[in-house]
Amino acid sequence: MRRIVLSIFLGLVIGIMGGLLIGWVIAPVQLINNPMRDLAQRYKDEYTVMVAIGYQIDGDLNEAINRLKPLGVSGTFNVPVYVRDTTERFISEEGTGRESDIRSLVELSCAMGAPYCTPPMERFRRPSLTNPRS
């Protein structure tokens, strides 16, 4: 009995060591130049938030649209729809998104035009500082 247990244990150790050697040293997985459209949705969302924050800093809407195109959002007209849908998903998933992220996404979405600034987004809009009433 002792011999069987020792053989099984030794086989497992040798198998694990061999697997690690092959996987980490001999033939590791190499991912090179993977397209951004292959990212998991979580990472696409993070990237979209980063683009929205970048838009708040530089105010360049065309550059924000160009930054989002590699996510697999084809065409200039589909980028606003993608941003609107992402923003509404962040708003509807209460508690999962930070309010600052939602506000950044709302500002980017609303900057793309009236059809992309929906009623649920209104409560997250920052007040405009242009031309205040005297």
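We did not get these values from a lab; they are worked out from the coordinates using the rules stated. Just so it is clear, the model here is predicted, and its values are computed rather than measured. Ideal geometry is used to build each Cβ from the backbone, glycine not excepted, and the neighbour counts take in all protein chains shown.
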### Message
Could you give each residue of segment 13-26 its phi-based ³J(HN,Hα) in whole Hz, using Karplus coefficients 6.51, -1.76, 1.60 with θ = phi - 60°, and x for Gly or Pro?
### Response
4, 5, x, 5, 4, x, x, 5, 4, 5, x, 9, 10, 6
### Query
Which of the listed residues, M112, V25, I8, is farthest toward the dipole's positive end in the chain, when Lys, Arg count +1 and Asp, Glu count -1 at the beta-carbon?
I8
### Net charge over other residues, Cβ less than 15 angstrom from the Cβ of L71 (K, R count +1; D, E count -1)
+2
### Message
Highest mean first, how do 110-116, 47-53 rank when packing is the count of other Cβ atoms within 10 Å averaged over residues?
### Response
47-53, 110-116
### Task
Kindly rank 27-35, 65-73, 118-126 from highest to lowest mean number of other beta carbons found within 10 Å of each residue.
65-73, 118-126, 27-35
### Query
Can you tell which of G59, P70, T87 lies farthest toward the positive end of the dipole of segment 36-124, using +1 and -1 charges on the Cβ of basic and acidic side chains (Lys, Arg; Asp, Glu)?
P70
### Task
Report, in debye and to the nearest 20, how large the dipole of the chain comes out about its Cα centre when Lys and Arg carry +1 and Asp and Glu carry -1 on their Cβ.
420 debye
#### Entry: Computed [θ] at 222 nm, helices only, for the chain once each DSSP H run of length n ≥ 4 contributes -39500 (n - 2.57)
-18000 deg cm²/dmol
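What number comes out for the charge environment of L61, summing +1 per Lys or Arg and -1 per Asp or Glu over other residues with Cβ under 11 Å away?
Numbers: positive: R67; negative: D58, D60, E63, E107.
Value of the local net charge: -3.
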